[in-house]
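The values are calculated or read from the model by the stated rules, or taken from the named source; none is laboratory data. Bear in mind the structure is a predicted one, so any value in this text is a computation, not a measurement. Note: ideal-geometry Cβ built from the backbone for every residue, glycine included; neighbour counts use all protein chains shown. Each accessible area value is taken on the protein alone, full model and side chains, heavy atoms only, with ligands, DNA and RNA left out. Shrake-Rupley method; radii C 1.70, N 1.55, O 1.52, S 1.80 Å.
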Amino acid sequence: MKRSIGPQTADLMLGVAPHTMRPPHHTPRPAERIIIALFIAIPIACLVWMAVQWVNYGIDLPYFDDWRAYFDGTSGSFSLKYLFTPANDTLYAVGKLLESLTFIIFKGNSVVDQLISMTTTLGLLLLLQWLLLKSALDDSLLTACAFAFTLLMLQSDSYWGRQNIAYHQAVPLIFILGAVYILVVSRWPWPVRSFVLFVLGILSGLTYTSGAFSLLALAATLIVCIAINRRAFGDLTPDGVALFCASVITVIVQGYVLVFVQHGQVHSGTPWSLPNSPEFWFYLFGKVGRSLMLAGSHPLRSLLVVLLCMALAVTVAIAGLRNVKTAETRHSVPARSGLISLLLFASVFFYLLMVAAGRSDLRPANISTPLQLFAFGFARFHFFWATLIWPWVFAGAIVMATMLWPRKMDAIRIVAVVATSCVVVFTMAAGVFAHASYFRQTSDLTLRNGACLHAKLLNGGPIDCPTLYPRDMTLAYANAVKMGASFIRFFPPDLLERAPGNPTWNVLGKPIDGVTVSNAKAETRAGNQLNLSAGKDVQMAFSVGQAGDLHHCLAVRVDSTVGVENPTTVQLFYVPWGASTFSEANSRTRQIAAGNGNAVRFLVIEPHGFKNEFRLDPVSDSQPSVVKELNVSCVLREPGAAG
């Protein structure tokens with residue numbers, strides 16, 4: 001290990017630095033162990049608290065984009081056509097695959113879905129950050145200090161609390177961090193390592209558009225690092241090629257969606273914002289400010305802090321590039337920390353460029369000044385990626401300090417602990433643990449949306465709740481019922497039983513020429529009554545209205561009164577639109593007791609509508625029966641269809 005004596009200090013600044021930043025056999029003192037445990041435990045405790053509060057306040061009801069798969073009935077599908085059909089300005093086959101798996105297992109339960117995605121995604125990101133920081137800093141205390149900065153990633157109002165599928169935008173970070181870890185730490189032979197990196201790159205690019213383009217930035221940065229120091233990083237050349245190939249493939253796929261599906265536009269025709277406009281940068285700075293948990297209500301002060309932090313990040317990046325360029329081996333501390341910082345900075349910066357380009361013009365007309373644009377950038381969850389870099393800005397600053405003052409490690413540790421403590425206190429004061437209040441707010445919104453859905457079902461539709469989804473959800477609800485979605489337990493089709501019929505047909509209130517009785521003798525009586533003799537498998541086939549009258553009816557209610565001498569089972573058969581005949585799969589049963597006044601009601605939902613053909617089997621055994629008041633009503637109609 002080289003030491004600094006007089007002019008050799010310059011060599012330290014150029015990257016000819018010690019491979020470790022402390023004596024290799026240094027054992028943390030008891031006080032250090034307490035600090036290490038505390039700084040590691042705080043982010044983990046924050047994640048646990050976040051999960052607990054979600055369980056306390058989460059409500060099982062889809063929100064906005066979660067309804068998309070219910071409209072076309074694709075929830076739980078693994079078909080390639082579904083997985084590779086773009087939506088929401090991107091192709092996200094990996095995200096759709098994950099959602100199909102969770103739907104099959106948990107039937108789309110929002111509370112369980114978000115709990116699993118929250119703990120898994122954030123847990124893996126915390127683990128990967130810790131492993132990378134540990135490999136880059138090689139000092140337990142300083143690693144714990146840097147790890148404490150992951151608290152910024154755990155602030156509320158990110159990807160969890162509203163939409164189940166919002167977390168898809170964070171999943172590429174798992175693949176990116178995983179790829180960096182394998183790249184920097186793994187001792188696998190290059191064919192295995194490169195193949196795994198290629199797979200991770202493909203998964204990242206097929207998870208979201210951001211995963212493809214940010215991976216391209218990472219791969220390009222890696223290739224530059226290899227090019228400027230082939231002696232230390234030349235063995236990573238196959239890995240750089242693998243990541244670059246994966247990024248190019250997925251960028252082409254995502255670019256096809258952007259050009260040929262979206263016609264070069266995003267968010268329903270919103271124009272792109274370009275880096276030559278001030279609006280672009282002030283919006284981007286707003287995302288950075290939100291990642292630092294600054295106050296959007298004090299934009300000038302927050303903007304100054306953002307500029308200072310970004311200046312520090314640029315300084316760390318420049319120092320990291322110099323360390324990479326002058327490294328004798330890629331396994332030294334400066335080389336590792338420099339390479340990791342550069343790769344992550346490039347990925348996150350490119351992501352922020354994409355967000356600013358696509359969203360900075362999505363603003364109200366009254367937002368026009370630079371500070372207003374900066375504050376506007378605090379909205380929504382796109383700040384999340386930026387939280388990834390702050391542990392590495394801190395780590396890079398530590399590496400710079402140890403290279404400048406290698407004999408003052410104790411002082412550097414003290415400063416690091418004090419600075420980290422200040423950041424932890426600041427994040428707590430800013431509300432990093434305020435998950436209860438946030439989830440309480442989201443649950444209040446969900447309750448209001450649920451009340452709207454409940455009221456619309458009682459009225460027989462149409463189901464239009466703009467704060468739940470911006471278009472009529474009648475078809476989506478019908479598909480959700482058919483697929484057995486979890487939230488249907490709280491908004492069951494039974495709510496439609498009191499809905500007004502539109503229209504209603506009285507089958508026995510007219511000459512019953514349209515009723516065909518099989519396996520029994522029928523006798524009509526006054527008062528819409530049909531007496532049936534005993535027989536084996538007695539059937540009443542009937543039709544209502546014209547052939548296409550129920551094509552656009554998504555829910556049918558059939559009411560009747562059946563009299564029998566002994567307890568039995570009543571069965572209704574119906575024919576969904578597109579089916580050819582009656583089947584057991586398309587039938588419903590009701591148990592009735594002996595007596596003359598057994599009211600029987602069937603409620604059937606079909607997303608594609610019905611044919612006008614029905615069959616009622618009033619008994620399941622051989623006994624006489626009486627059928628009265630047989631009525632068929634449409635209680636939920638496809639939006640836009642005539643009554």
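With a Cα-only, solvent-free Debye model of the chain, what are the log10 I(q)/I(0) values at q = 0.10 Å⁻¹? Log10 of I(q)/I(0), two decimals: -0.93. For the chain, a crude dipole built from +1 on the beta carbon of Lys and Arg and -1 on the beta carbon of Asp and Glu, taken about the Cα centre, is about 1940 debye to the nearest 20.
Can you run the Rg to Rh ratio on segment 22-83? Use alpha carbon positions and the Kirkwood inverse-distance Rh.
1.37
One equal scatterer on each Cα of segment 127-242, no solvent, Debye formula: the resulting log10 I(q)/I(0) at q = 0.13, 0.15 Å⁻¹ is -0.60, -0.78. On the principal axes of its alpha carbon atoms, segment 414-569 extends 97, 34, 23 Å, with the longest extent given first.
As I understand it, the value is the acute angle between the Cα axis of helix 209-228 and the longest principal axis of the Cα atoms of the chain; what does it come to in degrees, rounded to 10? Helix 209-228 and the main axis of the chain meet at about 20 degrees. Looking at segment 419-575, the accessible area is 45 square angstrom per residue; that uses a 1.4 Å probe and ignores ligands, DNA and RNA. Counting only alpha carbon atoms, the long axis of helix 30-57 and the longest principal axis of the chain meet at about 20°. All distinct Cα pairs of segment 350-440 go into the 1/r average, and the inverse of that average, the Kirkwood radius, is 16.6 Å. Give me the tail of P(r) for segment 55-94 as a percent: Cα-Cα pairs with distance above 14 Å. Here the tail beyond 14 Å accounts for 56 percent of pairs.
Looking at this model, which pairs from LYS456/LYS611; LYS107/LYS536; LYS107/LYS287; LYS107/LYS134; LYS134/LYS408 are more than 29 angstrom apart at the alpha-carbon?
Values: LYS456/LYS611 25 Å; LYS107/LYS536 40 Å; LYS107/LYS287 34 Å; LYS107/LYS134 39 Å; LYS134/LYS408 21 Å.
In this structure, LYS107/LYS536; LYS107/LYS287; LYS107/LYS134 lie more than 29 Å apart at Cα.
Counting protein heavy atoms only, segment 117-240 has 71 percent of its accessible area on carbon and sulfur, 1.4 angstrom probe. Under 5 Å from the amide H of THR207 lie the amide H atoms of VAL94, each residue being 5 or more positions distant or on a separate chain, with H modelled from the backbone and absent for Pro and chain starts. As I understand it, the value is the acute angle between the Cα axis of helix 278-291 and the longest principal axis of the Cα atoms of the chain; what does it come to in degrees, rounded to 10? Between helix and principal axis, roughly 90 degrees. Volume per residue for segment 281-340 equals 79 cubic angstrom (convex hull of Cα atoms).
Counting every alpha-carbon pair across segment 227-291, the share separated by more than 17 Å comes to 68%.
In terms of its C-alpha gyration tensor, segment 545-643 comes out prolate, because a/c is 1.5 or above and the ratio a/b outweighs b/c.
Would you mind estimating how fast segment 25-140 diffuses translationally, via Stokes-Einstein at 37 °C and 0.692 mPa s with the Kirkwood radius over Cα pairs, in µm²/s? Taking Rh from Cα pairs, D becomes 191 µm²/s.
What is the Cα centroid distance between segment 164-194 and segment 599-643, reported in whole angstrom? Result: 55 Å between the Cα centres.
Scan segment 362-428 for trypsin sites (Lys or Arg not before Pro) in coil per DSSP, keeping those whose Cβ has at most 14 other Cβ atoms within 10 Å, and list them by number.
Passing both the DSSP loop test and the Cβ count: ARG407, LYS408.
Across all C-alpha atoms in segment 166-310, the radius of gyration and Dmax reach 18.2, 52 Å. For segment 225-352, the gyration tensor built on C-alpha atoms gives an oblate shape. Its axis ratio a/c (a ≥ b ≥ c) is at least 1.5, and a/b is not larger than b/c.
Protection proxy ranking, highest mean first, for peptides 341-347, 320-326: 341-347, 320-326, where packing is the per-residue count of other beta-carbon atoms within 10 Å, averaged.
Remark: segment 151-159, residue by residue, has Karplus-estimated 3J(HN,Hα) of 3, 4, 6, 9, 5, 6, 6, 9, 8 Hz, where x stands for each Gly or Pro and the curve is 6.51 cos²θ - 1.76 cosθ + 1.60 at θ = phi - 60°.
Mean residue ellipticity at 222 nm, helices only, the chain: -16000 deg cm²/dmol; runs of at least 4 DSSP H residues each add -39,500 (n - 2.57), and the sum is divided by the number of residues.
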